[in-house]
1. Scan the stretch 211-222 and tell me whether some residue there is of a type in the set (S, T, N, Q), surrounded by fewer than 17 Cβ atoms within 10 Å (Cβ to Cβ) and farther than 21 Å from Ala114 by Cα.
2. Within the stretch 109-139, how many residues are out of contact with any helix residue (DSSP H, G or I) (no Cβ under 8 Å at 6 or more places or on another chain) and more than 22 Å from Leu156 (Cβ to Cβ)?
3. Could you say whether any residue in the stretch 84-92 is closer than 18 Å to Tyr153 by Cβ, at pLDDT below 90 and not polar (S, T, N, Q)?
4. Find all pairs meeting these conditions: Cβ atoms under 8 angstrom apart; at least six residues apart or on different chains; first residue within the stretch 127-147 and closer than 19 Å to Thr67 by Cβ; second residue assigned to a loop (DSSP other than H, G, I, E, B) and modelled with pLDDT of 80 or more.
5. Taking the criterion of being of a type in the set (S, T, N, Q) and more than 14 Å from Leu151 (Cα to Cα), would at least one residue in the stretch 61-79 satisfy it?
6. May I ask you to list pairs of residues, at least six apart or on different chains, whose Cβ atoms are under 6 Å apart, with the first in the stretch 84-106 being touching a residue at least 40 places away in the same chain (Cβ under 8 Å) and the second being among the charged types (D, E, K, R) and not in a helix (DSSP H, G or I)?
7. Yes or no: Gln289 among the polar types (S, T, N, Q) and either modelled with pLDDT under 90 or under 22 Å from the mean Cα position of the chain (by Cα) (or both)?
8. Among the residues in the stretch 110-117, are any buried (at least 20 other Cβ atoms within 10 Å of the Cβ) and under 30 Å from Gly33 (Cβ atoms)?
Amino acid sequence: MSQDAVQLSGPTGLTEAAKPAKTFVHHARLISGLTLVSRFLGVLRESLAARYFGAGLVSTAFTVAFTIPNLFRRLFGEGALSAAFIPLYSQAIKRQDQEDAARFAAASVNLLVAILVGVTIVGELILWGIAGFWHLQADRLLTVKLTAIMLPYVLLVCGAAFLGAILQVHRRFGLIAAAPIVLNAGLIGSTILGAKIWDMKTTAGQTAAIYFVSCGVLVAGALQVAMLLPSLRAIGFRFRWTSLWTPAVKRMLIMSVPVAIGAGVLQLSVAIDRGISYLLAQSLDQHDQLITHFSFFGHWVR
C-alpha cells in the first residue's frame with residue numbers, strides 16, 4: 001500500500017475522503033426522490049386530463065400549444081445557454097472573484113430576459129394577428145389562442161431553469177429538481193377545479209376549462225421562479241442592471257451556438273411531430289366518420 005493510501009486510512013483522511021462521496025450520494029438521492037415524485041404526479045396529471053378532456057381536439061389543441069413554451073425551454077432554459085453558462089460561471093467562482101462572478105450571472109440573466117421578452121412580444125403579436133385576421137376553423141383558432149395565453153410561460157420556465165443553473169453551481173439542487181412538481185401540481189389542481197366549475201361533457205365546458213388550465217400553467221411558472229428567490233439571495237445573487245455585452249457573455253454566446261443548433265433541430269422535429277398528430281386528430285369528423293385526407297398549409301393530403 002502506498003504512503004498516500006496509508007495517510008488516507010487515518011481518521012482525518014477518512015473524514016475528508018468521505019465528505020465528497022456523502023455529498024454526491026445525498027444530492028443523488030434528493031434529485032432522484034424529487035424526480036420520482038414528479039413522475040408520479042405527471043402520470044396523475046395525464047390520467048386526469050384523459051378522464052375530463054378525453055383524446056378530442058380540445059386536449060390535442062392544448063398539447064400542441066404547450067409544446068411551444070417547452071421548445072424554448074429546451075433551447076434557452078435547459079439547453080444552449082445553460083450548457084455554456086455553467087462552466088464559465090464555475091470558473092469564475094473557482095477563481096474566488098465573487099464580484100466578477102456576480103456581474104457575469106446578472107448580465108447573463110438580463111440577456112436571457114431581454115431575449116425572451118422580445119420573443120414573447122413578437123410571438124403574441126403574430127398569434128393575435130392570426131387569430132384576428134385569419135379565418136380559422138374553431139379547433140385551430142383554439143390552438144392559436146391557447147398558445148397566446150401560455151406563451152409568457154416561456155419567460156417564466158426559461159428563467160426558472162437558468163436561475164436553477166446558478167444554484168446548481170453552488171450545489172443547491174433540491175429546488176430546481178422540485179420545479180416540475182410545482183407545474184404538475186398546478187395542472188392537476190386547475191384541471192380538477194375546472195372540472196368542478198364547468199360541464200366537461202360538453203365542448204363548451206371543456207373549452208372553458210382548458211382556458212382555465214392554461215392560466216394555471218402561468219401561475220405554476222410564477223411559483224417556480226418565486227420558490228428559487230430565497231436560495232438565490234442566500235448565495236449572494238442579486239438582480240441588478242449591468243452591461244449585457246461583456247467578454248464573458250460574448251464567450252457564452254459563442255459556446256452556445258453548437259448546442260443551440262443541435263437542440264433546435266431536435267425540438268423542431270418534436271414540434272413537427274406534434275403538428276402532424278394534431279392534423280391526424282382531425283381525421284374524425286363531428287359524426288365520428290373516418291376522413292382519409294386533411295389540409296396541410298392549404299394543400300389536401302390523402
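The values are calculated or read from the model by the stated rules, or taken from the named source; none is laboratory data. None of the values given here were measured: they were computed from a predicted structure. Note that we place each Cβ from the backbone using ideal geometry, even for glycine, and neighbour counts take in every protein chain shown.
1. Start the filter on the stretch 211-222 by keeping residues that are of a type in the set (S, T, N, Q), which leaves 214.
Pick out the ones that are also surrounded by fewer than 17 Cβ atoms within 10 Å (Cβ to Cβ) and you get none.
Looking through the stretch 211-222, none of the residues is of a type in the set (S, T, N, Q), surrounded by fewer than 17 Cβ atoms within 10 Å (Cβ to Cβ) and farther than 21 Å from Ala114 by Cα.
2. Counting residues in the stretch 109-139 that are out of contact with any helix residue (DSSP H, G or I) (no Cβ under 8 Å at 6 or more places or on another chain) and more than 22 Å from Leu156 (Cβ to Cβ) gives 7.
3. Pass one, the stretch 84-92, residues closer than 18 Å to Tyr153 by Cβ: none.
No, the stretch 84-92 contains no residue that is closer than 18 Å to Tyr153 by Cβ, at pLDDT below 90 and not polar (S, T, N, Q).
4. Final answer for the pair search is Leu127/Leu151.
5. First, pick out the residues of the stretch 61-79 that are of a type in the set (S, T, N, Q): 63, 67, 70.
Next, from what is left, pick out any that are more than 14 Å from Leu151 (Cα to Cα): none.
So far as the stretch 61-79 goes, no, none of its residues is of a type in the set (S, T, N, Q) and more than 14 Å from Leu151 (Cα to Cα).
6. Ala106/Arg240
7. Details: among the polar types (S, T, N, Q): yes; either modelled with pLDDT under 90 or under 22 Å from the mean Cα position of the chain (by Cα) (or both): yes.
The answer is yes for Gln289.
8. yes
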